[in-house]
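Data block below; observations after.
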Amino acid sequence: MTVNDLDIDDIKVGLSEGSILLVDVREPHEFAAGHIPGSISRPLSRFDPADLPNEPGKRVVISCAAGVRSLRALEFAQSAGLDIDSHYLGGFRDWVMQGEPVEH
């Protein structure tokens, strides 16, 4: 499995430039309690790689709470033949600890 670990700076730049599509695989109640602005919810418990949006010019980056579930989602996506290899290593916890804004 190919894995590209991104840090908070990569995520902030990608979101501000509009070059990444951040997919949050935490469960719906976690996403509702707070998420990275601009991220979309695709819970791991019912994760379907075919359901991932395809936005031309945007690289899909997977995120979760701390980088564990995002790796599982990457595994599923790559097993399905998708060219997705990036995840936010620190995840939502890192985002919050760095004092970044949270959407509810």
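Laboratory data are not the source of any read-out in this text; all were calculated from the coordinates shown. Keep in mind that this is a model prediction, so the values were computed, not measured. No Cβ is skipped: glycine too gets one built from the backbone with ideal geometry, and neighbour counts run over all protein chains shown.
Report every pair of residues separated by at least 6 positions or lying on different chains whose Cβ atoms are under 8 Å apart, first residue within region 37-49 and among the aliphatic types (A, V, I, L, M), second exposed (fewer than 11 other Cβ atoms within 10 Å of the Cβ) and in a loop (DSSP other than H, G, I, E, B).
What qualifies is Ile40/Pro53.
For region 16-68, enumerate the residues that are among the polar types (S, T, N, Q) and closer than 19 Å to Phe92 by Cβ.
Ser16, Ser39, Ser41, Ser45, Ser63
How many residues are assigned to a loop (DSSP other than H, G, I, E, B), surrounded by 12 or more Cβ atoms within 10 Å (Cβ to Cβ) and among the small types (Gly, Ala, Ser) if we restrict to region 16-33?
1
Would you mind stating whether Gly14 is touching a Lys or Arg at 6+ places or on another chain (Cβ under 9 Å) and either within 17 Å of Asp83 (Cβ to Cβ) or of a type in the set (Gly, Ala, Ser) (or both)?
Yes; evaluated as a whole, the condition is true for this residue.
For region 34-50, what are the residues that are surrounded by fewer than 16 Cβ atoms within 10 Å (Cβ to Cβ) and outside any helix (DSSP H, G or I)?
Matches in region 34-50: Gly34, Pro37, Gly38, Ile40, Ser41, Asp48.
Go through region 51-104 and count every residue that is surrounded by fewer than 18 Cβ atoms within 10 Å (Cβ to Cβ), assigned to a helix (DSSP H, G or I) and among the polar types (S, T, N, Q).
2
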